Amino acid sequence: MATTKKKSTSKTTSVAKKPAKSTNFATAPINKSLSKEEKIALYSTIVGIRRFEERSLRAYNQGKIGGFLHLYIGQEAVATGIVSLMEENDHIITAYRDHGHALAVGMSMNECMAEMYGKHTGCSKGKGGSMHFFAPDKNYWGGHGIVAGQTPLGAGLAFALKYKGLKGCALAFLGDGAVNQGSFMETLNLVSLWNIPVVFVIENNGYSMGTSLKRSSAEENLAHRADGFDMEWEVCNGHDVFEVREVANRAMTRAREEMKPFLLEIRTYRYRGHSVADANHEKYRTKEEIEEYKRTKDPVNVIKQQLIADGTLTDAEAKRIDQEKKDEAEASAKFADESPVAPRSEIQTDVYWEVDNDTEGKLKGTHFFND
Amino acid sequence: MPLITYREAIKQALDEEIQRDENVCIMGEEVAQYNGAYKVTEGLWEKHGDKRLIDTPISEAAFSGLAIGASMLGIRPVVEMMFMSFSYVAIDQLFNNASFCRYMSGGLMNVPIVVRGPANGGTSVGATHSHTPENMVANHPGLKVVCPSNAYDAKGLMKAAIRDNDPVFVMENTLLYGEKWEVPEEEYIVELGVANVLKEGTDLTIVSHGRCAMISLQAAKTLEEEHDISVEVVDLRSIRPLDEETILKSVRKTHRVMLVEENKPFCGVDAQISHMIQLKAFDDLDAPIHRVSAIDAPNFYSKELEDWQIPNEERIIECALKVAE
């Protein structure tokens with residue numbers, strides 16, 4: 001068993017073990033039932049996120065993308081695995097490292113790349129940037145820039161499901177740095193107290209910006225915090241999409257079926273700095289540490305080898321998909337580059353719903369103060 | 001027309017909106033079983049139950065954020081801050097998420113929440129419980145803010161705020177909760193962005209909002225009776241959106257204007273109004289614009305001094321005599 005689980009009501013104290021490496025999660029029921037096409041789709045999404053972000057990094061270094069660029073490279077299997085389990089009434093929200101989640105829910109590379117380029121064709125018309133991708137039509141509620149600020153919003157999405165009597169769950173992603181924010185701890189208490197069907201997913205990549213887990217969290221087993229709120233938790237690895245799916249499926253099913261929150265800690269790793277501007281990330285960790293993870297746990301390689309081994313893909317097919325994704329990413333950069341920026345008149349749209357919708361009787365008074 | 005308290009008027013608005021729209025719910029500290037710290041929600045939990053009246057732990061950031069998230073899926077939460085001062089604990093949720101989610105998503109979502117609660121000094125609760133942050137709210141495009149000065153407006157503005165599809169702050173006042181005004185039995189709405197001329201006059205305009213508008217009205221009567229100065233009192237009701245036209249119309253009529261508010265003066269609401277008047281009605285002014293605000297320090301605890309610190313009739317009259325000279 002690669003995960004450690006503790007019944008929250010149990011009085012025994014157990015220390016979470018590091019998740020084991022050996023179990024073949026591909027044979028777990030939730031994964032065994034996957035069709036060939038579905039498995040290929042998982043690979044395609046993972047490799048797509050990788051190639052998209054590599055292309056965005058080039059664009060950033062060329063000065064085409066402003067502000068921050070928080071790359072998800074190394075963590076792709078987490079969002080891919082969990083999003084693949086989403087049902088009609090499930091919703092998802094995350095923090096600023098949001099490209100992977102956006103592509104996994106089905107947002108196009110074009111709208112995402114154009115958003116980073118600050119173009120009118122971007123998913124947020126260039127008003128949000130890298131950290132603020134949104135697609136409510138795909139149940140994807142962002143893309144939020146302030147650490148842990150999205151966690152109560154995720155609870156709210158789940159609250160709405162419960163209020164409306166809909167069977168579903170909300171997935172609220174956060175990083176290991178966010179667990180030390182008060183808003184998150186307040187939210188854990190609230191969702192457990194009210195039995196709200198939200199699954200918090202801590203993507204623990206070991207570093208909150210430049211501060212290692214050891215230097216930021218008194219209790220390094222982050223999932224243990226759920227105990228303080230009488231909440232269920234599990235820990236698993238994040239490099240194997242099948243392991244992510246197997247464990248997350250339990251959490252999501254429990255949330256949907258029993259209307260209970262869940263805290264999932266997924267141990268993962270980012271290859272790049274906190275943001276691209278964090279060029280000195282090798283100063284707070286060793287080059288060897290990064291290389292070791294890449295060599296043994298690279299999410300793209302792991303799923304590729306798994307699918308080749310089980311006969312789902314040939315090496316040539318895998319390479320073809322990879323090339324398609326590279327081409328798609330390249331095309332998205334071209335699309336973004338050639339797209340126009342929004343006209344200046346867009347500065348004061350999307351501020352107030354009532355103004356945008358020109359509602360009768362509700363447009364009294366001055367809304368904007370430019371003089 | 002029945003005479004009811006400001007508190008009762010707000011309760012009627014909440015009660016009626018809960019019945020009108022199944023997505024309206026009230027959440028906050030002590031709003032349900034305890035009947036509200038200031039009894040604004042008294043009896044609503046018994047009437048509407050746990051689903052619509054929701055007691056929260058003391059976690060403003062969590063329940064404000066939860067309300068915002070729920071509103072994205074169509075719930076219309078009315079969040080009570082026991083004191084508006086406590087919204088400071090939830091600033092990231094209210095001033096980043098509620099105000100900017102719509103914008104940062106390029107208009108893909110809206111946040112129809114109401115944040116309501118008392119925002120006033122004058123009750124000897126010390127500086128940390130006496131904030132009047134309507135200026136701070138108004139400084140965030142995406143948010144709206146209203147400050148009802150009487151029971152009629154409190155009910156009508158609350159109903160408008162709940163039906164509005166943007167986040168609206170309703171700044172109430174503990175010193176007004178027990179005051180009575182005439183409020184009609186039939187349904188009505190007071191639209192956001194529409195000021196109210198409380199009293200017509202010809203010599204001087206006082207622009208004010210919230211409880212200060214009522215003090216200004218009293219001062220206006222005294223000025224008329226004792227000093228023979230005819231004062232027009234404009235009650236803003238809504239800070240953002242702002243009814244500039246009603247202010248300017250009055251200024252063009254009286255040519256003299258003073259501004260009264262409980263905000264601290266630096267970047268207070270009236271700083272914006274003063275700027276707007278000089279820009280748009282410069283040639284109509286026969287005297288400089290004067291302001292009466294809270295005396296610029298954290299609120300004093302001791303009652304006598306706090307009563308002097310926040311605008312009162314004496315300070316308003318003193319200033320008015322200067323402007324009318």
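Here is a yes/no grid of residues against (1) in contact with a Ser or Thr (Cβ under 8 Å, 6 or more places away or on another chain); (2) within 14 Å of chain B (Cβ to nearest Cβ):
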| site | (1), (2) |
| --- | --- |
| A:GLU292 | no, no |
| A:ASP298 | no, no |
| A:ALA309 | no, no |
| A:LYS325 | yes, no |
| A:SER332 | yes, no |
| A:PRO343 | no, yes |
| A:ASP356 | yes, yes |
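If the condition is being at the interface with chain B (Cβ under 9 Å from one of its Cβ atoms), within 20 Å of the chain's Cα centre (by Cα) and part of a helix (DSSP H, G or I), then segment A:154-183 contributes A:GLY154, A:ALA155, A:GLY156, A:LEU157, A:ALA158, A:SER183.
If you go through segment A:133-153 and keep only what is part of a helix (DSSP H, G or I), facing chain B (nearest Cβ under 7 Å) and farther than 26 Å from A:ARG225 by Cβ, you end up with just A:PRO136.
On the basis of being more than 14 Å from chain B (Cβ to nearest Cβ), in contact with a His (Cβ under 6 Å, 6 or more places away or on another chain) and not small (Gly, Ala, Ser), does A:ARG97 make the cut? Taking the combined requirement at face value, the residue satisfies it.
Annotation note: of A:VAL276, A:VAL244, the sole residue that is touching a helix residue (DSSP H, G or I) at 6+ places or on another chain (Cβ under 7 Å) and at pLDDT below 95 is A:VAL276. There is at least one residue in segment B:89-98 that is touching a Leu at 6+ places or on another chain (Cβ under 9 Å), aromatic (Phe, Trp, Tyr) and closer than 30 Å to A:PRO197 by Cβ.
Scanning segment A:105-132 for residues that are away from every other protein chain (no Cβ under 13 Å) and assigned to a loop (DSSP other than H, G, I, E, B) gives A:VAL105, A:GLY106, A:SER108, A:TYR117. Every condition in (1) among the β-branched types (Val, Ile, Thr); (2) surrounded by fewer than 24 Cβ atoms within 10 Å (Cβ to Cβ); (3) within 18 Å of the chain's Cα centre (by Cα) is met by B:THR132 except one, and the failing one is (2). Quick check on B:ARG240: is it assigned by TED's automatic domain parsing to the domain that holds B:ASN312, buried (at least 24 other Cβ atoms within 10 Å of the Cβ) and of a type outside the set (A, V, I, L, M, F, W, C)? Judged against the criteria, B:ARG240 is a match. Of all residues in segment A:134-148, those satisfying the criterion of being under 13 Å from B:PHE100 (Cβ atoms) and crowded, with 24+ Cβ neighbours inside 10 Å are A:PHE134, A:GLY142, A:GLY143, A:HIS144.
Consider segment A:212-244 and keep the residues that are within 30 Å of A:LYS36 (Cα to Cα), touching a strand residue (DSSP E or B) at 6+ places or on another chain (Cβ under 6 Å) and acidic (Asp, Glu). The one that is surrounded by the most Cβ atoms within 10 Å (Cβ to Cβ) is A:GLU243.
Identification of strands (runs of 3 or more DSSP E) wholly contained in segment B:213-325 with 2 or more residues that are within 22 Å of the chain's Cα centre (by Cα) and touching a residue at least 40 places away in the same chain (Cβ under 8 Å) yields B:238-240, B:257-260.
Rundown of residues vs (1) in contact with a strand residue (DSSP E or B) (Cβ under 8 Å, 6 or more places away or on another chain); (2) facing chain A (nearest Cβ under 10 Å); (3) assigned to a loop (DSSP other than H, G, I, E, B), yes/no style:
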position: B:SER124; (1), (2), (3): no, no, yes
position: B:PRO148; (1), (2), (3): yes, no, yes
position: B:ASP153; (1), (2), (3): yes, no, no
position: B:GLY156; (1), (2), (3): no, no, no
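Name the single residue, out of those in segment B:61-86 being surrounded by fewer than 24 Cβ atoms within 10 Å (Cβ to Cβ) and in a helix (DSSP H, G or I), that is farthest from the other protein chains (Cβ to nearest Cβ). Per the stated criteria, the residue is B:SER85. Any residue in segment B:42-60 that is hydroxyl-bearing (Ser, Thr, Tyr), surrounded by fewer than 21 Cβ atoms within 10 Å (Cβ to Cβ) and either assigned to a loop (DSSP other than H, G, I, E, B) or within 14 Å of chain A (Cβ to nearest Cβ) (or both)? No: segment B:42-60 contains no residue that is hydroxyl-bearing (Ser, Thr, Tyr), surrounded by fewer than 21 Cβ atoms within 10 Å (Cβ to Cβ) and either assigned to a loop (DSSP other than H, G, I, E, B) or within 14 Å of chain A (Cβ to nearest Cβ) (or both).
Residue pairs whose Cβ atoms lie under 8 Å apart, sitting 6 or more positions apart in sequence or on different chains, and linking a residue in segment B:100-118 that is within 22 Å of B:MET27 (Cα to Cα) and part of a strand (DSSP E or B) to a partner that is modelled with pLDDT of 95 or more and among the hydroxyl-bearing types (Ser, Thr, Tyr), are B:VAL115/B:SER64; B:VAL115/B:SER87; B:GLY117/B:SER87; B:PRO118/B:TYR38; B:PRO118/B:THR174; B:PRO118/B:TYR177.
The values are calculated or read from the model by the stated rules, or taken from the named source; none is laboratory data. Remember, predicted model here, so these are calculated numbers, not experimental data. All Cβ positions, even for glycine, are placed from backbone atoms using ideal geometry, and neighbour counts span all protein chains on display.
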